[in-house]
Amino acid sequence: MSDYVSLSGLTLAYGNTVAVDALDLGIEKGELVTLLGPSGCGKTTTMRAIAGLITPRAGTITIDGRDVTRVPPSRRGVGLVFQSYALFPHLNVFENVAFGLRVTGGGDLEPRVRAALQTVGLSDFSGRRPAELSGGQQQRVALARSLVMEPKVLLLDEPLSNLDARLRLEMRMELQRLQRQTGVTMVFVTHDQAEALALSDRIVVMRLGKVEQIGSPEEIYARPRTPFVADFVGFEVILPQPDGDALAWRPGGVVIGAGPHEGRVLGVSFAGERREYLIESDLGRIKADAPVDEAALAIGAAVSFDLPRENAVRVSA
Amino acid sequence: MSRTVAIVVILGLTLAFLIGPFFIIIAASLSAGESLAFPPEGLSLRWVFKVFEVDSFRESFAVSMFLAVFGTLAALALGVPASYALSRYQVRGGETVRLLVSAPIIVPGIIVGLALLRYLVIPTGITIMTALFLAHTALVLPYAVRVVSASLDNLRTDIEEAAVLLGCTRFGAFYKVVLPNIRGGVLAAFILGFVTSFNQVPVSLFLSGPGVRTLPIDMIAYMEITYDPSVAALSSLLAFMSIGIVFAAEKFLGFSRYV
């Protein structure tokens, strides 16, 4: 299997700071791959390198069988939706979307722009200026502006982070629909694991410029392989084992009320369908969830708890 | 109540102080008498018409116009790229460049004029017109850099990357995306530069020579010989020209946002 987009030994640096260290990654045609990680993990830098906005210090980037490592951004066939959309303030919606076709002299300008606007549901807004649009509408214009160029790869930089919660959910579905409809290969950058899990075919978890784990959302969610990934997807109780590995539990996997471990309640917070406890114990501070129908424990109360092996995942430290 | 009265009085006096001389000049220029005087002796437009009959006024007006238009254009041709470089790249010594470019605003014109005469015009023997052109370009450059920089700093930089990804070269992105968005600032810089150049006295005083004078210098020379109201009439016309330009600029591009 040859990858549609392939990064090999990609090293990216700003001055003396190495942001991405010898990254290898293959992406298949039509796939939606998410680069997931906290800020500073190198995910945005990687995306900018695929776009050609950063020149790698070492390594190669190929897209559709062509080595584009030294090809300027304008000739890579890559589209990028910026975090803050980067619409051209002096042009209306139609002209924003038409911009790339005018520059490259593509034919059928008008119908293609109309079609792109229709795809994102903005047909009635073509005469508006970006400043007259809501955040969600600006986002759609940015999408249409990239899609109309029929890019080989569409890169999305935290595209949902500037939207409010309800709009974010709507846009998430919209992105999935767009991807199914256009079949475009997408690379999505986010720090939000819920977004990544919901959208992706595959997730690349990054940390400090390196790949921690690559896998399907199900794999990442259920079988994290490192303590970092485990913590990132909610296995917040991580205990090192004598063999050098570690076991990790979600707070919901910790059983409160009986068990071999003793502790004291440090804090409790009500979270709707459950109560979240912080327990000071001989194993350190443990997060544990309990159903709300059980009586609440008071702060300072003694509590015993169990960490059942069957609720844990094994991660290699 | 007395507070309101005090405010009105202070405001009135301030306005009178600022605008009063302007009205005195207008009144003096409408005089029918032979010499510059206020209050005017009778009313007539004869001195206004006289302005257009004085050959040296016509010639020096042409010189001033040329300097104001082309000096400012030259300053923009240098200032826009300089502002862009200063705002977009971490140029080594960028702050020093910014400071140097602003120097003509800070250093008194008399000194600039004397220095240019002594160390540029005399040693190199360049023509008076060339010297005036270079001086006016340098004097307007600070305004060009400041006003255009302010516009650039307000413009997000990712739109240039967006343009590049949509097929533009870096220069194409500047031309198609940056320039249209700082157009207001560039126009404001042009107007400010034009007015600054046109009204410039001290530097032009040193550099003007036989046959080539800017209009303000010519007016001073004229007054030394002929003390008639035509200078007042010309001053009024120039004042109205400046007011007209700034008024139009404010109306069409919100000039005050940039200055």
For this session: Of the conditions (1) within 14 Å of chain A (Cβ to nearest Cβ); (2) small (G, A, S); (3) over 20 Å from B:A82 (Cα atoms), B:G185 clears all except one; give me its number.
Result: (3)
For this session: Scan (1) exposed (fewer than 15 other Cβ atoms within 10 Å of the Cβ); (2) part of a helix (DSSP H, G or I) for the single condition B:I126 breaks and write down its number.
Result: (2)
Exercise. Is it fair to say B:G209 is over 30 Å from A:A86 (Cα atoms), of a type in the set (G, A, S), surrounded by fewer than 20 Cβ atoms within 10 Å (Cβ to Cβ) and more than 14 Å from chain A (Cβ to nearest Cβ)?
Worked result: yes
Seminar exercise, completed: Checked B:V148, B:V177, B:V203 against criteria (more than 13 Å from every other protein chain (Cβ to nearest Cβ), in contact with a His (Cβ under 9 Å, 6 or more places away or on another chain) and buried (at least 20 other Cβ atoms within 10 Å of the Cβ)); the one match is B:V203
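Return yes when A:M186 is under 23 Å from A:L169 (Cα atoms), assigned to a strand (DSSP E or B), of a type outside the set (D, E, K, R) and touching a helix residue (DSSP H, G or I) at 6+ places or on another chain (Cβ under 6 Å) and no when it is not.
Values: under 23 Å from A:L169 (Cα atoms): yes; assigned to a strand (DSSP E or B): yes; of a type outside the set (D, E, K, R): yes; touching a helix residue (DSSP H, G or I) at 6+ places or on another chain (Cβ under 6 Å): yes.
Spelling it out, A:M186 is indeed under 23 Å from A:L169 (Cα atoms), assigned to a strand (DSSP E or B), of a type outside the set (D, E, K, R) and touching a helix residue (DSSP H, G or I) at 6+ places or on another chain (Cβ under 6 Å).
For the range A:208-215, state whether one or more residues are outside any helix (DSSP H, G or I), in contact with a Cys (Cβ under 8 Å, 6 or more places away or on another chain) and crowded, with 21+ Cβ neighbours inside 10 Å.
First pass over the range A:208-215, keeping only residues outside any helix (DSSP H, G or I): A:208-215.
Still in the list and also in contact with a Cys (Cβ under 8 Å, 6 or more places away or on another chain): A:208-209.
From the residues that got through so far, the ones that are crowded, with 21+ Cβ neighbours inside 10 Å too are A:209.
Yes, that holds for at least one residue.
Inside the range A:113-134, can you point out the residues that are closer than 19 Å to A:F88 by Cα and touching a residue at least 40 places away in the same chain (Cβ under 8 Å)? Steps first, answer last, please.
Taking the range A:113-134 and keeping what is closer than 19 Å to A:F88 by Cα, we get A:113-114, A:116-117, A:120, A:122-134.
Those that are closer than 19 Å to A:F88 by Cα and touching a residue at least 40 places away in the same chain (Cβ under 8 Å): A:V120, A:R129, A:P130, A:A131, A:L133.
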Exercise. Looking at (1) of a type outside the set (F, W, Y); (2) touching a residue at least 60 places away in the same chain (Cβ under 8 Å); (3) part of a loop (DSSP other than H, G, I, E, B); (4) more than 14 Å from chain B (Cβ to nearest Cβ), can you tell me which one A:D3 breaks?
Worked result: (2)
Exercise. Can you tell me which residue in the range A:145-183 is surrounded by the most Cβ atoms within 10 Å (Cβ to Cβ), limited to those that are within 14 Å of chain B (Cβ to nearest Cβ), hydrophobic (A, V, I, L, M, F, W, C) and assigned to a loop (DSSP other than H, G, I, E, B)?
Worked result: A:V148
Problem set entry | Considering residues of the range A:120-144 that are in a helix (DSSP H, G or I) and of a type in the set (G, A, S) only, the residue surrounded by the most Cβ atoms within 10 Å (Cβ to Cβ) | A:A142
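Got a number for residues in the range A:305-317 being farther than 13 Å from A:A290 by Cα and either surrounded by 11 or more Cβ atoms within 10 Å (Cβ to Cβ) or at pLDDT below 90 (or both)?
Number satisfying all stated conditions: 9.
Give the residues of the range B:30-89 that are more than 23 Å from B:G209 (Cα to Cα), charged (D, E, K, R) and not in a helix (DSSP H, G or I), sorted by residue number. Even if it seems obvious, please write down each step before you answer.
Initially, the range B:30-89 is screened for residues more than 23 Å from B:G209 (Cα to Cα), giving B:30-50, B:73, B:75-89.
Okay, now just the ones that are also charged (D, E, K, R), so B:34, B:41, B:46, B:50, B:88.
Those that are more than 23 Å from B:G209 (Cα to Cα), charged (D, E, K, R) and not in a helix (DSSP H, G or I): B:E34, B:E41.
The values are calculated or read from the model by the stated rules, or taken from the named source; none is laboratory data. Note that the coordinates shown come from a computational prediction; the quantities given were computed from them, not determined experimentally. Cβ coordinates were reconstructed from backbone atoms using ideal geometry, including for glycine residues, and neighbour counts include every protein chain displayed.
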